[in-house]
Amino acid sequence: MYRRKCSFLWLLYIAIILTNFTSSSHASQNRSLKLEIERSLDKALLWLHNEQNSSGGHWGSAQYPALTALALRATLGHPDQSESSKYREQVDQGFKFLRSKVQSDGGIYGKGLASYNTSISLMAFLQNKNPEDESIIRGARRFLVNQQSDFDKKGKADNLFDGGVGYGSTWAHSDLSNTHIAMEALFYAKKTLGSKEGDPLGLDWQAAISFVSKCQNLPQSNTEEWVSVHKEDHGGFVYFPGKSMAGERTDENGTVSLRSYGSMSYAGLLSFIYAEMKPSDPRVLAVKDWLNQNYQIDENPGMGKQGLFYYYHTMAKALSLAGIDSLKDSSGEKKDWRQELALTLFDLQSNVGFWINDSGRWWEKDPVLVTCYAMLALERIYYAL
C-alpha cells in the first residue's frame, strides 16, 4: 500500500513538472515571437512613414482616405508606444488630412467608394481617442447607418441585398466585404460612444445578419438557388448573393452553385462576431468548421494568391476575436495559426520593410496598402499571444 502511494505521488510529481515545463516553454516561445514581431513592425513603420506625402499628410492617393486611415491604424497599433510616438508629428498630419475629407453628409471620402473609406477612417478616429473628433465620429457613424440598404418596400426584407452595405455611388448593391467593415466600424463606435440624446437610430443588426446569412453556403439557413450542396463549400461564404470571386461549380445535372473562399469566409465570421451572435449558432459553427477544413497560410483558399494580404488581415482579426489559438487542417493536424502566419509574414517582408503581392488584384500591388494589411495582422497576432 505504501509503495503504491509513493508511486502515485511520484507520477503526480512528474506530471506537474512536465506541465510546468510545457507552460514555461510556450511562454518562452511567445516572448520570442513577440520580439520578432516588434522588430518586423519597427522596420515596416520606418518604411511606411517615409512614404507619407510630406505636404499633404496622406499616404497613397489623396482621393482614397482609407489608405491614410490604414497607415494611421497600423502606426497607432504598434505594441511599443514609445516606438509609435516617434511618428506623432506624421500621425497628426495624417489626421489633419482625414479631417479635410469629411463631407457635409458626414462621410469621409474623396472620389467615390464612400462607405469603404468612411468605415476605415471612422476606425482610425476611434483608435486615436481625440475628444475633439467626437462630432466627426458621430457624423461618420450616422453616414454609415444611412448606407445600409433597404430596397423595394422600406422596412421590409424583400430584396436579397437588404440589410447589407455596398461601396456606395455607382456600386449600389451590398457585398460582404463592405458590410463586415461597416459592421466593424459601427460595433466599435457603439462600444466607444454609447448613445446620446438626439442620435439617430443605429444599424439594423438583424437586417445586417439576414444579408450576411444570404452570403453563406449553408442550405439549412440559406435557400437561394446558387447555394452549394458540396462538402467543400459547406459553411463558407461568397462575395454577395449570387456572386463568388472563386467561381462556380456545375453538376452533372446542370445545376450551378457558387464556391466558398477564404477571405469572405473570415469576413462572414467577423460579421457574426460584431453582431454578437452566440458561438453555438449553427451558422457560426458551420463557418468555423469550413475554416478548419480549409486552413491555409500560403494562399487565400479558393483564390490562390489573389487578395492574399486582405485574407491575412481578416484571418488574424477573426481568429483572435473568436479566441481561437489553433486550427485543425483537413488532415486533422493541429496548427498554431499565430506562429505560422507570423513566420510567413516575416519571410515575405522586404529588406527595407514593406510587403507587396505579385498578384495585383484588389490593389495588392500597392505596397502601402499591403504593408498596412501585414502590420495590422501582426499586431493582432501580438496581442493574441
*With a/c under 1.5 counting as rounded, go ahead and sort the chain into rounded, prolate or oblate using the C-alpha gyration tensor (a ≥ b ≥ c being the square roots of the eigenvalues; past the cut-off, prolate if a/b is larger than b/c, else oblate).*
oblate
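What is the fewest-to-most order of Asp281, Asp233 by other Cβ atoms lying within 10 Å of their Cβ? All intermediate terms of the calculation are to be shown ahead of the outcome.
Details: Asp281 14, Asp233 26.
The most exposed by this proxy come first: Asp281, Asp233.
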*Hey, can you grab everything whose amide H is under 5 Å from the amide H of Phe237? Only 5+ residues off in sequence or another chain; H modelled, so Pro and N-termini drop out.*
Asn217, Tyr261, Ser265
*From phi via Karplus (6.51, -1.76, 1.60), per-residue ³J(HN,Hα) for the stretch 356-362 in Hz, x at Gly/Pro*: 8, 10, 4, 7, x, 4, 6
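For the residues Arg39, Arg259, what sequence is obtained by ranking on other C-beta atoms within 10 Å, fewest first? It would help to have the intermediate numbers written out before the result.
Numbers: Arg39 11, Arg259 20.
Ascending number of Cβ neighbours within 10 Å: Arg39, Arg259.
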_With a cut-off of 8 Å between alpha carbons and a minimum separation of six or more residues, what is the relative contact order of the chain in percent?_
14 percent
*For Leu258, distant residues with modelled amide H under 5 Å away*: Ser228, Arg249
*List the lysines whose Cα lies under 17 Å from the Cα of Lys243, skipping any in the same chain that are fewer than 8 positions away.*
Lys214
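Taking the Cβ of Thr371 as the center, what net charge do the other residues with Cβ under 14 Å away carry, scoring Lys and Arg +1 and Asp and Glu -1? Don't skip to the end; give the middle numbers.
On the way: positive: Lys43, Arg73, Lys365; negative: Asp42, Glu51, Glu364, Asp366, Glu379.
So the environment of Thr371 carries a net charge of -2.
Using the Kirkwood formula on the Cα atoms of the stretch 243-328, what hydrodynamic radius do you get, in angstrom to one decimal? Don't jump to the answer; show the numbers that get you there.
Values: mean 1/r = 0.0734 Å⁻¹.
Evaluated on the stretch 243-328, it is 13.6 Å.
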*With springs connecting C-alpha atoms under 10 Å apart, model the chain as a Gaussian network and identify which of Glu134, Glu224, Glu252 has the largest mean-square fluctuation.*
Glu252
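Based on the Cβ-Cβ distance of Val229 and Asp92, what FRET efficiency does E = 1/(1 + (r/R0)^6) give at R0 = 45 Å, to the nearest 0.05? Intermediate results must be reported in sequence, preceding the final value.
On the way: r = 54 Å, r/R0 = 1.20.
Here the calculated transfer efficiency is 0.25.
Using r as the Cβ-Cβ distance of Leu35 and Ser100, and R0 as 51 Å, what FRET efficiency do you calculate, to the nearest 0.05? Let's see the in-between values first.
Values: r = 38 Å, r/R0 = 0.75.
Efficiency for this residue pair is about 0.85.
Where does each of Met245, Met375 land when they are ranked from fewest to most other beta-carbon atoms within 10 angstrom?
Working: Met245 20, Met375 29.
Placing the least packed residue first, the sequence is Met245, Met375.
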_Residues with amide H under 5 Å from that of Lys328, placed H, sequence gap 5 or more_ = Lys335
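Using only DSSP helix segments of four residues or longer, with each worth -39500 (n - 2.57), what per-residue ellipticity at 222 nm results for the chain after dividing by its residue count and rounding to 500? Mind showing how you got there, number by number?
Working: 13 runs with 202 residues, N = 385.
Taking each H run of at least 4 residues, the total per residue is -17500 deg cm²/dmol.
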*Residue-wise, which Karplus ³J(HN,Hα) couplings in Hz belong to the stretch 109-118, taking 6.51 cos²θ - 1.76 cosθ + 1.60, θ = phi - 60°, and x for glycine or proline?*
7, x, 9, x, 6, 4, 5, 4, 4, 5
*Per-residue ³J(HN,Hα) for the stretch 95-104, Karplus 6.51 cos²θ - 1.76 cosθ + 1.60, θ = phi - 60°, Hz, x for Gly and Pro*: 5, 4, 5, 4, 4, 6, 9, 6, 9, 5
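Readers should treat all values here as calculations from the given coordinates under stated rules, not as data from a laboratory. Here the structure is a predicted model, which means the values were calculated and not measured. Counting neighbours? That spans all protein chains shown, and the Cβs are built from the backbone with ideal geometry, glycine included.
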